[in-house]
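*Asks:* My questions will all concern the structure given below.
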Amino acid sequence: MYAQLKKGGFEIEKHQTCSKLDLIIINTCSVTSSASQKSRQYARSMKEKHPGAVIVVTGCDTEVDREKWSEAGVDIVVPNSQKTNILSYIRNKFDIPLDSINQNHSERFDIFIQDSSGLFPFKSRANLKIQDGCDAFCTYCIVPYGRGNPRSREWNDTLREFRELIAYGFKEIVLTGVNIATYNDSRRSLIDLLKEMLAEEPATYRIRLGSTEPQFSMKGLIETIASESRICRFLHLPLQHGANKILQAMGRSYSREEFADFVREAVRVIPDICIGSDVIVGFPGETDDDFQECLNFLKSLPLAYLHVFGYSKREGTPAASYENQISPKIIMARHKILTELASELSTRFLSKQVNKTFMIIPEKESEGVITGWTDNYIKACVAVDRSKAEMLMKEPFLKVKLTGLGGYREMRGELA
């Protein structure tokens, strides 16, 4: 969308710093009912702050609950599947010629932005979307209804944009999608794609994998990460629960034993790898014993961090009609317990990184402290000589030694 709007003649502004906006685009999320509600509240607040602006909404929630958006006072609803045709929806509101805009999006890939290089000139990290959609239909999840069936971005087009991002100067490319582990174009897999990307020159870049649904047939992914320093030692694997009974009720495709085997193998083969996960508490029918089983299982895993979510009832999903819905009070109590565990897991992981050396990409400098992320997803805050800070910020990578714990998922460091 950013690329299309820039080409279409729009000037992109942050709404916090601009008093008058002509067009406001809200990219919605439908993963939880809370996210949907917040998106609509945000639309209403933008309408109040900028009454003369045209409010456009797109994203997953437009596919799931389109009717509610008319009640929120928005002017244009662009279905998520038509996101790349957004200018066609707004051209009647603004007199902007579209002749220079590339409209040759193939129907199969109409959701992928075709030209994102140069969009973030002051950032060192860029997202590259390689996949979208899901057909797992987990019983609690609304995503398949909003994103459609799985589809992989065309091989050559993916590599074209990857090369453009590298040429523009990005130092870290994050591969994103609903489930990038399912990438498959003409029988070429995610591992094949990684190997092709790693054949590019120069070598001053690294690749990070976005959230990856557990695909335990992909043991080769562990070996691929272990064999190449330019692939970040990082995996985000959504577990969702630690009791097999609940996993089965959720419609997940694996057992907790399979998940544990994969995680422990990754930690064994890839030193200092950061593995994070998601977990849902309060799924319908979750007993005290189920929750305790989940808690004990999570404690046993070598996880670096944990995202905890309370079950969110989404109308239209099978779980919404399940009996034994859990009360909000119990969900909140269980959420608190796992949030405390998440902090313990993070501290345990970070403590093992003290006095180790990593390469970071300098992203920000303030008062002689440079911040950047290690390949294994630790935010490093490095004190430097202020007179050299500007010069150091121009370096593609800095070698740092982590010296101690800072805030949550954050460490102090020094130049090595």
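The values are calculated or read from the model by the stated rules, or taken from the named source; none is laboratory data. Bear in mind that the values here come from a model prediction, so they are computed numbers and not experimental data. Note that each Cβ is placed from the backbone with ideal geometry, even for glycine, and that neighbours are counted across all protein chains shown.
*Asks:* Are any of the residues in the stretch 334-341 β-branched (V, I, T), at pLDDT below 95 and more than 30 Å from A226 (Cα to Cα)?
*Replies:* No, there is no match, as no residue in the stretch 334-341 is β-branched (V, I, T), at pLDDT below 95 and more than 30 Å from A226 (Cα to Cα).
*Asks:* Something else now. Where the second residue is outside any helix (DSSP H, G or I) and at pLDDT 95 or above and the first is at negative phi and surrounded by fewer than 13 Cβ atoms within 10 Å (Cβ to Cβ) and lies in the stretch 287-306, which pairs have Cβ atoms under 8 Å and are six or more apart or on separate chains?
*Replies:* Cβ pairs passing all conditions: N296/G242.
*Asks:* Let me ask something else. Do any strands (runs of 3 or more DSSP E) lying entirely in the stretch 193-304 carry at least 2 residues that are of a type in the set (G, A, S), touching a His at 6+ places or on another chain (Cβ under 8 Å) and within 26 Å of T339 (Cβ to Cβ), and which ones are they?
*Replies:* 274-281
*Asks:* Okay, moving on. Residue under question is L350, and the condition is that it be surrounded by 19 or more Cβ atoms within 10 Å (Cβ to Cβ), touching a residue at least 60 places away in the same chain (Cβ under 8 Å) and hydrophobic (A, V, I, L, M, F, W, C); does it hold?
*Replies:* Considered against the rule, which asks whether it is surrounded by 19 or more Cβ atoms within 10 Å (Cβ to Cβ), touching a residue at least 60 places away in the same chain (Cβ under 8 Å) and hydrophobic (A, V, I, L, M, F, W, C), L350 comes out as yes.
*Asks:* Continuing with the same structure: Restrict the check to the stretch 161-169 and report whether at least one residue is farther than 30 Å from K49 by Cβ, at pLDDT 85 or above, in contact with a helix residue (DSSP H, G or I) (Cβ under 8 Å, 6 or more places away or on another chain) and surrounded by fewer than 16 Cβ atoms within 10 Å (Cβ to Cβ).
*Replies:* no
*Asks:* Just the residues that are buried (at least 22 other Cβ atoms within 10 Å of the Cβ) and either under 15 Å from G59 (Cβ atoms) or more than 19 Å from the chain's Cα centre (by Cα) (or both), please, taken from the stretch 121-137.
*Replies:* D132
*Asks:* Moving on to the next point. Pull up the stretch 326-385, narrow it to residues that are within 26 Å of the chain's Cα centre (by Cα) and in a loop (DSSP other than H, G, I, E, B), then point me to the one that is nearest to D278 (Cα to Cα).
*Replies:* Y377
*Asks:* Looking for whichever is of a type in the set (K, R), out of contact with any Gly (no Cβ under 6 Å at 6 or more places or on another chain) and within 14 Å of L350 (Cβ to Cβ) here; the options are K379, K399, K394, K388. Which one fits?
*Replies:* Exactly one of K379, K399, K394, K388 is of a type in the set (K, R), out of contact with any Gly (no Cβ under 6 Å at 6 or more places or on another chain) and within 14 Å of L350 (Cβ to Cβ), namely K379.
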